[in-house]
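Here the structure comes first, spelled out in structure tokens, and everything after it is commentary.
Values quoted throughout were computed directly from the atomic coordinates according to the rules given, and no laboratory measurement underlies them. Since we're looking at a predicted model, the values are computed, not measured. Quick reminder, even Gly has a Cβ in these numbers, built from the backbone with ideal geometry, and neighbours come from all protein chains shown.
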Amino acid sequence: MDLNDVIGYALRIGVIISVILIIIGLAFLSGNRDFSELVSPTSRVNTSVINPTKVPISAFSGNGLDLILLGLMVLIATPVIRVLIGIIQFAKERNILYTIITIIVFFNLMLAIFILPLFIH
Amino acid sequence: MNDILFIFSLLISSIIAGFIGSLTGLGGATVLVPIYTLFLSIPIEYATGASLISTIATSSGAASAYVKDRITNVRIGMGLEIATTTGAIIGSLIAHYIYEHHLAFILFIIFGIVILTSIYPQLKKASLELPKPIKPDWTTRVFQLYGKYYDIALHQEVEYYGVRWWLGEIIMFFAGMISGLLGIGSGALKVIGMDWAMNLPIKVSTTTSNFMIGVTAATSSSLYWFFGYIQPLMAGITAIGVLIGSFAGSKVLPKIRNVRLRLIFMLILAFLGIEMIIRGAQLWI
């Protein structure tokens, strides 16, 4: 299979998984104690009060809110994985310039996801 | 009961936004943020957070189809991603500064201006299928700015090359910054960067722009996540709604060649743009 097809499938699967997680999460949510707080336009429940490392475990125990959050994480991860496959693709073509360029793009993503949050506040 | 009504209005608005966004080629977010802030009284932080998330969903969904068509130029897209991701990081940090200092009115006004300026290229678009060739420059060779694709409408294999990589990078930096600042994909600006600055065929520009939007939005969303601008329920429903709307739009699009209908959408956008500026001015005074 061509790497281009791998990329196509990776993107599609990423979106499908995240949509399924969000829908299941919404279905489970009605039992959540924060439900009315969650559906207010000015709700105080947002991603700043959530510990991302706890989301996956709590999602699989059937917490609606965490299932939705896990879905959003999968969605954000999808383009990141796409860039990673890009590095492999250019390395296989022995295109040194574009392997380096793609690694820089990947670094920018890591900067935004893991490094910068350590330095702000 | 009010809760259900709110969820329902989120879903309907995001479907409408996705539909109009896909028919105009501007993406759902451009329509979504004004609807959320003006009509549903959602704070602009949450509106832009939800719209960024929806942008990733639609971009990835559409890109999976384009990759199969082999029209997207991954090399050119990845090269320009250096600038858009850097711009997205800086734009998100500026957005955070603006919200922390209660200056959100600035974003309303910038948003209005961005909507109004993106209408112009829409109105005069589709004059030329393929660009007039410009002499290749040194960037064409160094950054390997060429490719070919099969054009179904023209029934021929199109070989093309791009020029002025540096100019493309400068425009992409601002596209990324606007994206991080306003929570939109800023596809219109990305297309200008490739179509006008780099002289690439419009089909390559639009599909490559779509590919880049996902990566740009992922960069800003992770910062938005950290800043707390993503409200899970709102973002989740919006992602699904915009996906449904833009999918429906993509099915309807080939059947619509009606200029009058496009004009109506442009009027809706003009109305939303002016409303955003008025809202910004009201918040300022």
Worksheet entry | Sorted by Cβ density within 10 Å, fewest first, the residues B:His102, B:His96 | B:His102, B:His96
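Using the Cα centre as the reference, give the magnitude of the dipole from point charges on the C-beta atoms of the protein assembly as shown (Lys, Arg: +1; Asp, Glu: -1; all else neutral), rounded to the nearest 20 debye.
On the way: 25 positive and 19 negative charges, 168 e Å.
Dipole about the Cα centre, nearest 20: 800 debye.
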Worksheet, complete the sentence: Checked against the positive end of the charge dipole of chain A (+1 on Cβ of Lys and Arg, -1 on Cβ of Asp and Glu, about the Cα centre), the farthest of A:Leu97, A:Leu21, A:Val39 is A:Leu97
Practice prompt. Choose one answer from B:Thr140, B:Thr72, B:Thr85: the residue with the largest mean-square fluctuation in a GNM of chain B with alpha-carbon springs under 10 Å.
Written response: B:Thr140
Worksheet item: On a 0 to 90 degree scale, rounded to 10, what angle separates helix B:202-227 from the longest Cα axis of chain B?
Response: 40
Worksheet item: What's the angle, to the nearest 10 degrees (0 to 90), between helix A:96-110's Cα axis and the longest principal axis of chain A?
Response: 20
Worksheet item: In the Gaussian network model of chain B, springs joining C-alpha atoms below 10 Å, which of B:Ala248, B:Ala218, B:Ala65 carries the largest mean-square fluctuation?
Response: B:Ala65
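Any of A:Lys92/B:Lys203; A:Lys92/B:Lys135; B:Lys132/B:Lys203 with alpha carbons more than 19 Å apart? Name them for me. Working shown, then result.
Details: A:Lys92/B:Lys203 27 Å; A:Lys92/B:Lys135 31 Å; B:Lys132/B:Lys203 14 Å.
Where the Cα-Cα span goes over 19 Å, the pairs concerned are A:Lys92/B:Lys203; A:Lys92/B:Lys135.
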Discussion item. Net charge within 12 Å of B:Arg75 by Cβ-Cβ distance, Lys/Arg positive one each and Asp/Glu negative one each, not counting B:Arg75 itself?
Written reply: -2
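Rounded to the nearest 0.05, what FRET efficiency do B:Phe8 and B:His102 give with R0 = 25 Å and r taken as the Cβ-Cβ distance? Could you check?
Numbers: r = 31 Å, r/R0 = 1.25.
Once rounded, the FRET efficiency stands at 0.20.
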Discussion item. List the residues, sorted by chain then number, that are 5 or more residues from B:Arg164 or on another chain and whose placed amide H is less than 5 Å from its amide H.
Written reply: B:Asp137, B:Thr139, B:Thr140
Worksheet entry | Among A:Gly25, A:Gly71, A:Gly62: highest mean-square fluctuation, GNM of chain A, C-alpha pairs under 10 Å | A:Gly62
